[in-house]
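Worksheet: the structure to be examined is printed underneath.
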Amino acid sequence: MHDDGPMVPLTVRQREVLSFILTYRSDRGVSPTLREIAEHFGFASPAGAQKHVVALEEKGYLIRPKGRHRGLFPAQNLTGRRKREAAVPLLGLVAAGQPIESLPDATPIQVPTDLAGQGEHFALKVRGDSMIDDGILDGDVVVVRASSGAREGEVVVALIDGEVTLKRFYRGPGDSIRLQPANAAMAPLIVPASHVVIQGVVVGLLRRYV
């Protein structure tokens, strides 16, 4: 894979495993073992970690030479990309049907540049479980590209009559918008398009385990 070529997209869990490996290497100078990865994420056995590591190898993010102890290495093109980070403002907390709760003492957070590319970006901390089936959990931080429009199926931050919600965006019948939660226990919001203001599209997710 060329250094300037596009990277194959990762699932949320694959991105988390990759982030853990890179942080572990940065902090300790060596890579974690499969057992250490499994223990960190609560996998039942190292086989769970092996599955994600193999996927990261196949997608070109990791190199694992045979016979090397702690032999997980970031691909050369990834190493260059990870050195570049961007600061985005953490604006507050977002939950279904509630105004954004500002965080007045929050400082900008660092995110990989592939999450904060062209245009204005900001971050919000998620409160609630309306998007759990999409892997967006209470306490996660979503990175949002500021935008007044969205494509079908994108996860958006939407303002509805003064209240903010995080949902998937769809056009409904007539002049309406369907904002779909990713939680089978919750009903979609069907509202007139004139009552909805799209504030941004979710482009990434950050999660802490400590």
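Whether any residue in the stretch 1-16 is assigned to a loop (DSSP other than H, G, I, E, B), modelled with pLDDT of 80 or more, more than 19 Å from Val142 (Cα to Cα) and outside the structural domain of Ala146 (by TED's automatic domain parsing) is what I want to check. The answer is no, given that none of the residues of the stretch 1-16 is assigned to a loop (DSSP other than H, G, I, E, B), modelled with pLDDT of 80 or more, more than 19 Å from Val142 (Cα to Cα) and outside the structural domain of Ala146 (by TED's automatic domain parsing).
With respect to being among the β-branched types (Val, Ile, Thr), more than 21 Å from Ile132 (Cα to Cα) and at pLDDT below 90, Ile37 falls outside the description.
Which of the residues belonging to the stretch 67-90 are modelled with pLDDT of 75 or more and under 16 Å from the mean Cα position of the chain (by Cα)? Across the stretch 67-90, the qualifying residues are Val88, Pro89, Leu90. Restricting the search to the stretch 14-66, which residues are surrounded by fewer than 14 Cβ atoms within 10 Å (Cβ to Cβ) and in contact (Cβ under 8 Å) with a residue 40 or more places away in the chain? Selection gives Val30 alone.
Scanning the stretch 176-210 for residues being within 14 Å of the chain's Cα centre (by Cα) and free of Cβ contacts under 8 Å to residues at least 60 places away in the same chain gives a total of 1.
The values are calculated or read from the model by the stated rules, or taken from the named source; none is laboratory data. Not measured: the values here are computed from a predicted model. Virtual Cβ from ideal backbone geometry, glycine too; neighbours counted across all protein chains shown.
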